[in-house]
Structure formats: structure tokens, C-alpha cells
Amino acid sequence: MNNALIIPSVSPTIDELVAQCGHYVQQKLNLAIAQRGIARMALAGGNTPKALYAWLASPAQASRVNWSSVQFYFGDERSVPRSHPDSNYGMAKTYLFDPLGINQDQVFPMISEPMLDIVEEAARYEKILDSWRDQSAGRTPPVFDLALNGMGADGHFASLFPDTPALLEREHWVVANPVEKLATQRITLTYPVFEQARAVCFLVAGSDKQDAFFAVQQPDSGLPVARLIRKRQTDWFVDQACIEGI
């Protein structure tokens with residue numbers, strides 16, 4: 001599918017942006033639960049997803065999803081222990097899992113306790129995904145019901161950064177990706193997983209994202225987000241600052 005043109009839902013404020021995306025997340029999770037009895041979601045890190053998680057777990061919204069039927073995974077993770085302030089798992093635990101009372105067996109962190117070598121962690125996580133994917137069609141990727149993503153000002157999503165090896169990975173669903181400009185490695189899901197998810201959405205806020213937002217829509221763009229949106233439908237929730245750059 002060639003779908004390079006983004007048709008976003010645009011909100012004037014962060015609060016309205018989070019609410020719009022929150023209702024979408026509720027709808028996708030409830031649909032999966034109704035159809036298959038379970039919803040599997042890949043979470044994102046970052047400040048805007050943090051606000052989304054707090055909204056989903058708020059008293060006014062918490063009862064709108066049967067959270068006991070949701071399994072939580074991660075699109076990527078930093079090479080830090082779960083207790084580290086930069087941990088995507090730690091952020092989701094604070095703002096989503098703990099407030100909702102999510103059982104530990106519903107959550108699948110990318111980092112072990114104690115933390116293993118990052119390459120070992122990627123292999124371990126791939127085995128977890130392999131345990132529930134549909135194996136009747138051979139070596140096909142696991143299918144998430146919803147993959148939530150942000151977008152960096154450089155056009156990256158998850159930890160698929162420009163000019164990194166994971167952009168070319170088609171055999172593995174989880175890899176340790178060296179990111180030279182950050183002088184680190186990160187664990188990330190790969191393109192085949194995002195391409196096969198039942199729904200993929202991007203939650204993007206801030207004037208610093210304007211250049212990337214328009215750049216990824218160019219037909220010749222090689223940015224990581226562009227490579228995905230040319231392959232499949234994606235749903236976008238952006239704020240006015242992202243569109244106008246102010």
C-alpha cells in the first residue's frame with residue numbers, strides 16, 4: 001500500500017491531543033478484546049505518551065477498557081535498568097500500570113531484572129513474541145493489535161534511527177540497534193512487526209517536529225517514519241504546534 005500522505009487529527013492543545021488519541025486507543029483495544037478476547041499493545045516512551053498513559057489511567061477513563069484483557073509490550077527500550085529514570089518501562093509503570101492496578105503477568109518489559117547484555121535481551125524478547133504469534137503460516141511476524149509511536153525531530157520512531165543497521169533488518173523482529181549519535185545501543189522492534197500490526201498510530205507534539213512531519217511525507221524521503229508510512233496505513237494525532245511550527 002502506498003500511503004505516504006498523512007491525514008492527521010490535529011488538536012489545538014496538548015490536552016485535546018491526548019484525549020483524541022486516548023479515545024482512539026480505547027476503541028482499538030476494545031475492538032481487539034471483542035473480536036479475539038485479548039488486546040496486545042506495543043507502547044512508546046516520551047513525554048507525550050506519558051501524558052496519554054496518565055489520561056488512560058485517570059478516574060474518568062480507567063473503566064472504559066477491560067484492562068485485565070490487555071497485554072503490554074514495548075516498541076523499544078533504552079539500555080538501562082528498569083529502575084532508571086530513562087526507562088520506558090519505568091515510565092509506563094508509574095503512569096499506566098500502577099494506577100490501573102495491572103497485573104505483572106500482563107506486562108512484558110524488554111529489560112530483565114537483573115539486566116542482561118543488550119543483545120541477549122533482544123533475543124529473549126523475540127522468543128516472547130514467538131511464543132504467541134500465529135505459527136501456522138511459517139515465519140510470519142507477531143501481530144500486535146495496536147502499536148503506539150512517537151516521532152523524533154530526526155524522523156525516527158521506536159529506536160529505528162536514521163542510518164542505523166536495524167533499518168535493514170527483515171529476519172528478526174527484535175534487535176539491539178547501535179545508535180552512534182547517542183553513543184549507545186537500544187532494543188527495538190523492527191519494520192516487519194510494525195508493518196503487520198492491525199493498527200499503528202503516531203502521537204506527535206511540538207514545533208520541533210514540524211520539519212520531520214512534512215519531510216516524511218515526501219515521496220523520496222528515506223527517513224525511518226517515511227519508510228513505514230509508504231508501506232501501510234497509519235493514524236496520526238498531532239498538535240497545532242507541529243503543523244504550524246510555533
Inset, instruction - Out of the residues in the stretch 151-178 that are assigned to a loop (DSSP other than H, G, I, E, B) and among the hydrophobic types (A, V, I, L, M, F, W, C), state the one that is nearest to the chain's Cα centre (by Cα). - result: Ala158
Legend entry - Sole residue being in contact with a Gly (Cβ under 9 Å, 6 or more places away or on another chain) and either open to solvent by 20 Å² or more (accessible area, probe 1.4 Å) or not hydroxyl-bearing (Ser, Thr, Tyr) (or both), chosen from Asn103, Asn88, Asn66: Asn88
Inset, instruction - Among the candidates Arg40, Arg36, single out the residue that is among the basic types (Lys, Arg) and crowded, with 21+ Cβ neighbours inside 10 Å. - result: Arg40
Inset, instruction - Please specify each residue of the stretch 179-189 satisfying the condition of being within 26 Å of Leu129 (Cβ to Cβ) and either touching a residue at least 40 places away in the same chain (Cβ under 8 Å) or in a loop (DSSP other than H, G, I, E, B) (or both). - result: Thr184, Gln185, Arg186, Ile187, Thr188, Leu189
Inset, instruction - Starting from the stretch 217-228, keep only residues that are surrounded by fewer than 18 Cβ atoms within 10 Å (Cβ to Cβ), then list their pairs with residues that are among the hydrophobic types (A, V, I, L, M, F, W, C) and outside any helix (DSSP H, G or I) whose Cβ atoms are within a distance under 9 Å, requiring at least 6 positions of separation or different chains. - result: Gln217/Ala4; Gln217/Leu5; Gln217/Ile6; Gln218/Ala4; Pro219/Ala4
Inset, instruction - Could you tell me whether any residue of the stretch 190-212 is open to solvent by 40 Å² or more (accessible area, probe 1.4 Å), in contact with a strand residue (DSSP E or B) (Cβ under 9 Å, 6 or more places away or on another chain) and either part of a loop (DSSP other than H, G, I, E, B) or aliphatic (A, V, I, L, M) (or both)? - result: yes
Inset, instruction - Kindly list, by first and then second residue, each pair from a residue in the stretch 123-141 that is open to solvent by less than 40 Å² (accessible area, probe 1.4 Å) and modelled with pLDDT of 95 or more to a residue that is outside any loop (DSSP other than H, G, I, E, B) and of a type in the set (S, T, N, Q), limited to pairs with Cβ atoms under 8 Å and residues at least 6 apart or on different chains. - result: Pro141/Gln196
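The values are calculated or read from the model by the stated rules, or taken from the named source; none is laboratory data. Please read all numbers here as calculations on a predicted model, not as lab measurements. Please note: Cβ atoms are built from the backbone with ideal geometry, for glycine as well, and neighbour counts cover all protein chains shown. Areas reflect the complete protein model, heavy atoms only, side chains present, ligands, DNA and RNA absent. Shrake-Rupley method; radii C 1.70, N 1.55, O 1.52, S 1.80 Å.
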